[in-house]
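Peer 1: Starting off with a structure, shown below.
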Amino acid sequence: MEESDMKLRIVVIAALCIGLFCSFACKQSPSNVQTAKVEDPILTVLNPLGTPPPIKLKAMAPRLDSIKGKTIYIVNDGYPGSGILLKELTAVCKEKYPDTTFVYRDKKTGMSGEDPELLKEMEEKADAMIIALGHWSVCAPGVTRQSINFEDKYTKPAVPLVVSSFVDQLTEFALTEGMPGIRIQYIRGPIWAKTAEQLRRDTVLGNNPLTGKPILDEIVEKLTMTLTAEEKRTGEINRDRGPEKFTGTADELQQLFLEKRFTDFMPIVLPTEEKVAEMLKGTSHDPDEVLGTMAPFKPSFESWTYTVKIAAINAVMAGAKPEYFPVILAIGSTGSEAISVSDNSFCVGAVINGNIRDEIGLNYSYGAMGPYAHANTVIGRAWSLLSINGGNCGKVGNTYMGVVGNPMNAINIIIAENEEDSPWDPLSVRIGRGEGMMSFPGRPAPEPAGYEKGENVITLFTGWGILSAKNWHANVWGDEMDYPQIIKDIYKIQDGTLFGTCAVLSPPIADFVKDAGFDTVEKFTKWVMEAQGNAKSDGMYIQPPGGTFTVVVTGASNNNYFSMGGMRPGQSVRIDEWR
């Protein structure tokens, strides 16, 4: 073999060897090795729900054999439009059923309250009752409860008339009130603002929107059809909050909490036992201590009970830190719901005073009312989550009936007052003195609580919300601004019937007001409210249109802006009692 052939053969063999080696090496390299799939870890989390009370079942009243020869009272609970509806119903019933006596009555005690005089009259003279109108998230349960109480106490049949939008709400409500079979007559809404002719045609002589059957025929059937065994049932139903713990992957648990409506529809921090134990270090109170009770609206709905531990679970879910926990407990101790059932879409807020503002990093400077500090944001969110889970609030179509809703319900309005830059005493000190907190002249101030400056206090608010003061035409910008008069003019046109007026002033605006001669908030409040001339009429004070007037100072000093709205102060609580 020639030397050149030998060299060529050696080169080829070497190349083959290198190729085989590289191929083997590539197969073994990490980029080509198929690793075994790592399963997501299984987590255990705690149940955030409060405890519902047991249900005591009540038997329905026996039905009439016929309405012929009977006396049926038709009762108006006072909702706008219900009087027009029921007078048309009474007139039509008298025409259609001449052998039956129909008696129309107006309740004297408002939509939800009982009227003792009328009940006494019906006990003696009525064979049955028709009551209306359930047209609101409070009066719909109200007429249903009054019908249940009437059947239970007087053993006479009752039929509440309710707008069909409330069917889901009242299905559960009737169960919790102990009479799930109460025979509700559903009608098409809205009723309010319709004429007598429209109500006669579309409602009284119309059909049930759920069944398609004539409303009058159904009312008679509900009063006369024999009771079923289920409708006669009595006894007690005990309810529990479900399992103490849930297990699954992080994604599975997030989905589970979402499906069970434990959340506000935003991702949560999963409440593992370790995280909840860490949160509980923020208080000296026993985890099993009952913190409070809450309902979507206490006069009308059942209250659920929750403990310090339940509050901790919800605080974890909101993303809170243990140092925030005493504030969350102080809120929870009041039983004030963050999400009301009301059709009006109310919102809530809180003002925090004292040294704790800096201890936990609350924002009272730029964007003080916005989500620009962790503490402000998650404390407000924890309030909503505790309301959802501890108080059974916020269930759409059931315990939440807001017509258009309110985005403030997500994190609420948590304000840390800027005490350092305010020319006046903090809100807590003023409330502690019981000064300037009257809703109108002649009404006594709250009992003085004696709060001092630096003391950690939270004051809860309820209302419609707070907007930039430029929302009112009275706030006309110019080279010269009379801020006290502008605030007074806004107050004049504010509808303060339910929630009064709250002015959230930046420090520069507060300084302008002080420099105008109002060295105390009390002087300013008196001057603003005197604008309406609180004259006496037959010995009674006339409430100013703006209602209560409350001033809070917060925010930065980079411009002359302020906000106003319909928010009313309620309970105030010492935070340190919950450390």
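The values are calculated or read from the model by the stated rules, or taken from the named source; none is laboratory data. Keep in mind the model is a prediction, meaning the values are calculated, not measured. As a convention, Cβ positions derive from the backbone with ideal geometry for all residues, glycine included, and neighbour counts pool all protein chains shown. Calculation scope for accessible area: heavy atoms of the full protein, side chains included, ligands and nucleic acids excluded. Shrake-Rupley method; radii C 1.70, N 1.55, O 1.52, S 1.80 Å.
Peer 1: Can you confirm whether Asp77 is surrounded by fewer than 16 Cβ atoms within 10 Å (Cβ to Cβ) and out of contact with any Asp or Glu (no Cβ under 8 Å at 6 or more places or on another chain)?
Peer 2: No.
Let's see how each residue does on (1) crowded, with 16+ Cβ neighbours inside 10 Å; (2) closer than 29 Å to Gly142 by Cβ; (3) at pLDDT below 95:
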position	(1), (2), (3)
Glu252	no, no, no
Pro267	no, no, no
Lys281	no, no, no
Met294	yes, yes, no
Ala315	yes, no, no
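Peer 1: Are any of the residues in the stretch 371-379 closer than 23 Å to Thr307 by Cα, within 10 Å of the chain's Cα centre (by Cα), touching a residue at least 40 places away in the same chain (Cβ under 8 Å) and outside any loop (DSSP other than H, G, I, E, B)?
Peer 2: Checking the stretch 371-379: not a single residue is closer than 23 Å to Thr307 by Cα, within 10 Å of the chain's Cα centre (by Cα), touching a residue at least 40 places away in the same chain (Cβ under 8 Å) and outside any loop (DSSP other than H, G, I, E, B).
Peer 1: Select, from Gly496, Gly555, the only residue that is part of a loop (DSSP other than H, G, I, E, B), within 22 Å of Trp464 (Cβ to Cβ) and either modelled with pLDDT of 95 or more or open to solvent by 60 Å² or more (accessible area, probe 1.4 Å) (or both).
Peer 2: Exactly one of Gly496, Gly555 is part of a loop (DSSP other than H, G, I, E, B), within 22 Å of Trp464 (Cβ to Cβ) and either modelled with pLDDT of 95 or more or open to solvent by 60 Å² or more (accessible area, probe 1.4 Å) (or both), namely Gly555.
Peer 1: A follow-up question, please. Please enumerate the residues belonging to the stretch 108-144 that are open to solvent by 50 Å² or more (accessible area, probe 1.4 Å) and either outside any loop (DSSP other than H, G, I, E, B) or closer than 26 Å to Gly69 by Cβ (or both).
Peer 2: Pro116, Glu117, Lys120, Glu123, Glu124, Lys125, Asp127
Peer 1: Quick check, is Gln198 polar (S, T, N, Q), free of Cβ contacts under 8 Å to residues at least 12 places away in the same chain and surrounded by fewer than 17 Cβ atoms within 10 Å (Cβ to Cβ)?
Peer 2: yes
Peer 1: Using beta carbons and a limit of 8 Å, which pairs, at least six apart or on different chains, have the first residue in the stretch 406-435 and at positive phi and the second one modelled with pLDDT under 95 and surrounded by fewer than 23 Cβ atoms within 10 Å (Cβ to Cβ)?
Peer 2: Final answer for the pair search is Gly434/Ala445; Gly434/Pro446; Gly434/Glu447; Gly434/Pro448; Gly434/Ala449.
Peer 1: Within the group Ile215, Ile219, Ile182, Ile131, which residue is within 17 Å of Gly83 (Cβ to Cβ) and β-branched (Val, Ile, Thr)?
Peer 2: Ile131
Peer 1: Let me ask something else. Tell me, which residue of the stretch 41-70 that is free of Cβ contacts under 8 Å to residues at least 60 places away in the same chain and over 27 Å from Arg233 (Cα atoms) is most open to solvent (accessible area, probe 1.4 Å)?
Peer 2: Ranking the candidates gives Lys68 first.
Peer 1: Looking at (1) at pLDDT 95 or above; (2) within 26 Å of Pro545 (Cα to Cα); (3) open to solvent by 40 Å² or more (accessible area, probe 1.4 Å); (4) not β-branched (Val, Ile, Thr), which is the only condition His374 fails?
Peer 2: (2)
Peer 1: Another question, then. Anything in the stretch 170-207 that is of a type in the set (S, T, N, Q) and within 30 Å of the chain's Cα centre (by Cα)? List them, or say none.
Peer 2: Correct list: Thr171, Thr176, Gln185.
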